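The values are calculated or read from the model by the stated rules, or taken from the named source; none is laboratory data. Owing to the predicted nature of the structure, the values given are computational and were not obtained by experimental measurement. Positions of Cβ are generated from backbone atoms using ideal geometry, with glycine treated the same way; all protein chains shown enter the neighbour counts. Note: areas computed on protein heavy atoms with side chains; ligands, DNA, RNA excluded. Shrake-Rupley method; radii C 1.70, N 1.55, O 1.52, S 1.80 Å.
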Amino acid sequence: MVIRLFYNLMFSKYKTLKGALAKASNGEAVQLLPKKYKESIQFEKDMTLIGDGNGQTVIEGMFIIPKNVRITFKKMKVSPTAQLYVEGEAIFEHCIIEGNVDVLITVNGGYLKGVNSNFRKAKEVGIALLNNSNGVFINCKFHHNGKMQLFAKNSKAFLESCECSNALKGFWITDQSFMQTKKCHLHHHAEKQISVERSTYMDFNSSIERGEGFGIVVEEASDVFLHSTILYSHNATQLFVDNSVLNGKQCTIQHGNECGVILQNSDGTLSHCEISNHHNINVQARKKSKMQIERCEIHSGHENGLLISKESIVNCNETVIKDHLSAQVAITEKSFCSMKDCLIVNGRHVGIYVEKKSECMLLQCQITQNNNSAINVDRGIMRVYRCEISENNGNGILAVTNSLVEVDGCNFYYNQMPHIACKSKVKIYLSNSDFQRGKSIFLLHRCEIYAIHTKFHNSMNVQIEINDHSTAKFEHCQIYNGKSYGVKVLKDSNFFFYHSQIFQHDLAQIVVNDSSVILNNSEIYQGKRNALFIQNHSEVYIQESFISKHLQAQIWIDYESILELMSVQLTDGAHSDLHAQNQSKIYVENSIIRNDKYRYNVQALNNSKIEIVKTIVENKYGDVYYSENNSSINNSDY
């Protein structure tokens with residue numbers, strides 16, 4: 001292409017740019033003088049205008065590029081007095097586009113490209129792309145453009161290595177538009193850095209930071225794809241998605257004054273992201289949203305780490321949630337959360353909170369070192385499979401008010417309060433789990449627990465306490481090595497113990513007070529006090545069980561209580577085997593009561609009655625019965 005010089009020839013003959021351009025050929029490149037050209041032009045043919053490169057070449061006026069015309073501006077300042085209007089193609093290379101007008105450049109069905117150019121100081125909009133227009137911008141700067149830097153309506157825009165700052169909004173993408181940004185930097189916008197409506201936005205490696213309002217707002221059935229995007233330090237929510245789709249990968253969202261991410265009636269995926277240090281919630285899914293969180297780190301928030309509300313569904317996989325001042329994960333209002341291979345650690349409050357008919361399922365997770373309970377459930381459902389719940393300053397699981405808890409294959413240890421505590425009509429199902437080094441189970445007020453193939457051991461406190469009209473059923477379980485009581489059954493509660501063992505407790509292995517107990521095919525042995533301590537109108541039935549090696553009376557029954565033994569072996573006690581007092585009753589059939597360390601195997605005191613049928617009662621001393629004060633012992637075999 002021939003560069004035509006006007007220094008000596010053309011501008012000596014033509015005093016205006018319009019006149020000179022009229023003589024140029026189609027597609028020609030024109031070198032302009034370092035001066036201001038103040039006139040309005042409608043371009044009629046393809047042309048390249050080249051300035052001096054030192055900022056001295058300025059063209060000022062109203063410029064129109066119609067269809068099928070391509071104009072290239074190089075190394076100059078363009079100062080439109082009205083919007084520069086493009087229906088054809090406009091290319092700006094190393095240019096400054098600045099003007100005290102509402103819109104610097106309007107592209108209507110045309111094409112605009114900016115390379116190493118500066119778009120600034122429009123009253124309202126820097127660039128407007130309308131009606132299937134296309135815009136490409138590389139190494140450009142947009143700043144101080146009133147309401148927004150770039151507006152795309154039913155158009156496409158591609159930006160790479162651009163910087164945008166100091167406007168009400170950065171980008172507004174609407175009405176089936178598409179925008180892709182790469183390695184861009186947006187900062188210091190007053191309202192929203194990026195607004196997406198009914199459109200698609202994609203970003204790679206951009207930094208969006210320090211906005212006075214929102215970071216990215218996605219609304220009205222839009223799609224957003226973020227890869228390695230940084231959102232940092234916004235006064236409002238950094239990423240807000242409403243009725244749209246979000247896909248974020250390897251993103252960093254940090255240090256916002258409000259929330260990090262909010263999904264509202266939307267679908268979203270976050271993978272390999274870090275979301276942290278927000279004054280409000282780090283991640284929130286609400287209003288029937290669906291969200292997948294995979295291999296993310298969510299940490300150091302002043303409120304919740306993850307809040308799921310209003311019938312939303314969230315699945316987390318291999319994610320770390322830690323260091324939050326409020327509940328690390330909160331699930332409420334009929335929502336659902338599943339978590340696999342996740343770590344919930346070091347929260348200042350509760351690890352996971354489930355309420356208001358919501359449900360949470362954990363698989364192979366670790367919930368540890370939270371300053372309150374690991375898990376709280378209130379009118380919700382909690383399912384915990386193959387998890388580790390340990391070293392929390394509160395309970396392992398605290399469940400209240402019509403909640404349901406299922407635990408399978410889990411380890412509970414070193415929680416400062418009971419590993420599982422329940423109050424008010426809670427149902428618990430335990431299987432194949434291990435509870436140690438902490439009070440294991442506490443039930444209060446009409447709760448129910450069913451445990452199978454589970455171990456409870458090495459507690460400094462009562463291992464299992466069943467209280468206030470509650471019911472517990474244990475099958476194939478072991479309760480052992482406690483420094484206090486093994487099991488306490490209190491206040492009109494029920495305890496069923498089948499095919500199980502209780503052994504090696506410092507205090508009575510089972511205490512029954514105003515309650516009922518049924519033991520079947522079980523073993524109670526090696527206690528430092530009683531095997532069973534039964535009192536206050538209690539009823540106990542023991543069948544086909546083995547009780548031995550206790551340092552005090554193996555079964556002590558008191559205060560109008562009833563005990564029935566069927567096919568039971570009571571052996572090797574260091575004291576009496578049966579001791580009944582204060583109007584209590586015992587019935588024994590087809591059993592063995594043998595003691596070589598104490599004279600009176602069977603004792604009845606203070607108006608108590610003991611009846612023995614088809615039972616062997618013996619010791620090496622010969623005297624096996626003792627009764628006093630209107631009590632009786634009747635052996636029908638004599």
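Whole percent per 10 Å bin, from 0 to the bin with the longest distance: what is P(r) over all C-alpha pairs of segment 517-624?
17, 54, 28, 1
Computed from these coordinates, which is percent of Cα pairs over 49 Å apart: (1) 13; (2) 42; (3) 20?
Matching the structure shown: (2).
Check residue 29: other-chain or 5+ apart residues with amide H under 5 Å from its amide H, H built from backbone geometry?
2, 4, 48
Plugging the Kirkwood radius over Cα pairs into Stokes-Einstein for segment 168-238, at a temperature of 20 °C and a viscosity of 1.002 mPa s, what D comes out in µm²/s?
184
Using the Karplus curve 6.51 cos²θ - 1.76 cosθ + 1.60 with θ = phi - 60°, work out ³J(HN,Hα) for each residue of segment 587-592 in order, rounded to whole Hz, and write x for Gly and Pro.
Karplus-based 3J(HN,Hα) across segment 587-592 equals 10, 10, 9, 6, 10, 10 Hz.
Just grab the label-to-label distance for residue 25 and residue 596, each label 7 Å out from Cα along the Cβ direction, in nm (one decimal).
Result for the modelled spin labels: 12.5 nm.
Taking every pair of alpha-carbon atoms in segment 131-184, what share in percent sits in each 10 Å bin, from 0 to the bin with the longest distance?
27, 55, 18
Using +1 on the beta carbon of Lys and Arg, -1 on that of Asp and Glu, and nothing else charged, what's the dipole of segment 380-536 about the Cα centre, debye to 20?
180
Out of residues 5 or more away from residue 543 or on other chains, whose amide H comes under 5 Å of its own, with H placed 1.01 Å from N in the peptide plane?
Distant-sequence amide H within range of residue 543: 519, 520, 521, 566.
Looking only at segment 188-211, which residues have a backbone nitrogen under 20 Å from a spot 7 Å from the Cα of residue 272 in the C-beta direction?
Backbone N within reach: 202-208.
Step through the table entries 288/356; 357/491; 549/620; 141/182; 322/425, compare each Cα-Cα distance with 21 Å, and write down the pairs that go over it.
Among 288/356; 357/491; 549/620; 141/182; 322/425, the Cα-Cα distance tops 21 Å for 357/491; 322/425.
Can you give the extra length, in nm with one decimal, that the chain gains between residue 287 and residue 506 once fully stretched, where that is 0.36 nm per residue apart less the Cα-Cα distance?
73.5 nm
If amide hydrogens are placed 1.01 Å from N in the peptide plane, which non-local residues have theirs closer than 5 Å to the one on residue 243?
Answer set, sorted by chain and number: 264, 265, 266.
Taking a virtual spin label 7 Å from the Cα of residue 559 along the C-beta vector, which residues in segment 474-504 bring their backbone nitrogen under 19 Å of it?
485-495
How big is segment 269-319 by the Kirkwood estimate over distinct Cα pairs, in Å? Don't skip to the end; give the middle numbers.
On the way: mean 1/r = 0.0914 Å⁻¹.
About 10.9 Å, per the Kirkwood formula over Cα pairs.
About its Cα centre, how strong a charge dipole does the chain have in debye, to the nearest 20, once Lys and Arg get +1 and Asp and Glu get -1 at the Cβ? Mind showing how you got there, number by number?
Numbers: 65 positive and 65 negative charges, 655 e Å.
That gives a dipole near 3140 debye.
Excluding ligands, DNA and RNA, what is the solvent-accessible area per residue of segment 576-624 at a probe of 1.4 Å, expressed in Å²?
Details: 2190 Å² over 49 residues.
Counting only protein heavy atoms, the per-residue value for segment 576-624 is 45 Å².
For segment 341-439, which chymotrypsin sites (Phe, Trp or Tyr not before Pro) pass both filters: DSSP loop (anything but H, G, I, E, B) and at most 16 other C-beta atoms within 10 Å?
In loop regions of segment 341-439 (DSSP not H, G, I, E or B), the sparsely surrounded chymotrypsin sites (Phe, Trp or Tyr not before Pro) are 414.
Rounded, prolate or oblate for segment 341-447? Axes are the square roots of the Cα gyration tensor eigenvalues, ordered a ≥ b ≥ c, and the cut-off for rounded is a/c under 1.5.
rounded
Stretch residue 614-residue 364 to full length: gain in nm at 0.36 nm per residue minus the Cα-Cα span? Write down the numbers at each step before the final one.
Details: separation 250, 0.36 × 250 = 90.00 nm, distance 5.26 nm.
Computed gain between residue 614 and residue 364 is 84.7 nm.
Where in segment 197-220 is the amide nitrogen less than 14 Å from a point lying 7 Å along the Cα-to-Cβ axis of residue 252?
The answer is 205-210.
What list of ³J(HN,Hα) values in whole Hz, one per residue of segment 532-548 in order, does the Karplus curve 6.51 cos²θ - 1.76 cosθ + 1.60 (θ = phi - 60°) give from phi, with Gly and Pro shown as x?
After applying 6.51 cos²θ - 1.76 cosθ + 1.60, I find 10, 10, 10, 7, 6, 6, 8, 10, 10, 10, 10, 9, 6, 10, 10, 10, 7 Hz.
Once a ≥ b ≥ c are taken as the square roots of the eigenvalues of the Cα gyration tensor of segment 326-400, is the result rounded (a/c under 1.5), prolate (a/b larger than b/c) or oblate (a/b not larger than b/c)? All intermediate terms of the calculation are to be shown ahead of the outcome.
On the way: a/c = 1.74, a/b = 1.24, b/c = 1.40.
Taking the square roots of the gyration eigenvalues as a ≥ b ≥ c, segment 326-400 is oblate.
FRET efficiency for residue 551 and residue 302, Cβ-Cβ distance as r, R0 = 51 Å, nearest 0.05?
About 0.40, to the nearest 0.05.
Which one of 353, 570, 422 has its Cα pushed farthest toward the positive end of the charge dipole of the chain, where Lys and Arg give +1 and Asp and Glu give -1 at the Cβ?
Positive-end residue among those listed: 353.
What do the square roots of 5 times the Cα gyration tensor eigenvalues come to for segment 576-638, in whole Å, largest first, as semi-axes of the equivalent ellipsoid?
18, 14, 9
Per the 1.4 Å probe, what fraction of the accessible area of the chain, in percent, lies on carbon and sulfur atoms?
Carbon plus sulfur share of accessible area: 43 percent.
Calculate the length of the line joining the C-alpha centroid of segment 321-399 to that of segment 236-312, in whole Å.
Centre-to-centre distance over Cα atoms comes out at 18 Å.
Let me make sure I get this right: for segment 456-565, a, b and c are the square roots of the gyration tensor eigenvalues over alpha carbons, sorted descending. Under 1.5 in a/c it's rounded, otherwise prolate if a/b > b/c, else oblate. Which is it?
rounded
Treat every Asp and Glu Cβ in segment 80-214 as -1 and every Lys and Arg Cβ as +1, leave all other atoms uncharged, and give the resulting dipole magnitude about the Cα centre to the nearest 20 debye. Numbers along the way, then the final one.
Working: 14 positive and 14 negative charges, 25 e Å.
My answer is approximately 120 debye.
Efficiency by 1/(1 + (r/R0)^6): what FRET value for residue 589 and residue 483, r their Cβ-Cβ distance, R0 = 41 Å, to the nearest 0.05?
Values: r = 36 Å, r/R0 = 0.87.
With R0 = 41 Å, the Cβ-Cβ based efficiency is 0.70.
³J(HN,Hα) across segment 506-518 via Karplus (A = 6.51, B = -1.76, C = 1.60, θ = phi - 60°), whole Hz, x for Gly/Pro?
Residue by residue, segment 506-518 yields 6, 10, 3, 6, 9, 10, 10, 10, 6, 8, 10, 9, 10 Hz.
Lys and Arg at +1, Asp and Glu at -1: add these up for the other residues within a Cβ distance under 11 Å of residue 54 and post the number. Provide the component values of the computation, followed by the final result.
On the way: positive: 75, 77; negative: 52.
Residues near residue 54 contribute +1 overall.
Show me 270-281, 318-329 ranked by packing, highest mean number of other Cβ atoms within 10 Å first.
318-329, 270-281
Test of understanding: what is the full-extension gain from residue 190 to residue 473, defined as 0.36 nm times their sequence separation minus their Cα-Cα distance? It would help to have the intermediate numbers written out before the result.
Working: separation 283, 0.36 × 283 = 101.88 nm, distance 6.22 nm.
My answer for the length gained is 95.7 nm.
How high is the relative contact order of segment 111-196, given as a whole-number percent (alpha carbon pairs under 8 Å, six or more residues apart)?
Details: 251 pairs, mean separation 21.8, N = 86.
This gives 25 percent for segment 111-196.
Express as a percent, rounded to the nearest 5, the fraction of DSSP beta bridges in the chain (both residues included) that run antiparallel.
0
In Å, the Kirkwood hydrodynamic radius of segment 102-250 over pairs of distinct alpha carbons?
Result for segment 102-250 stands at 14.5 Å.
Per DSSP H run of n ≥ 4, the term is -39500 (n - 2.57); total these for the chain, divide by its residue number, and report the mean residue ellipticity at 222 nm rounded to 500 deg cm²/dmol.
Numbers: 2 runs with 10 residues, N = 638.
Rounded to the nearest 500, it is -500 deg cm²/dmol.
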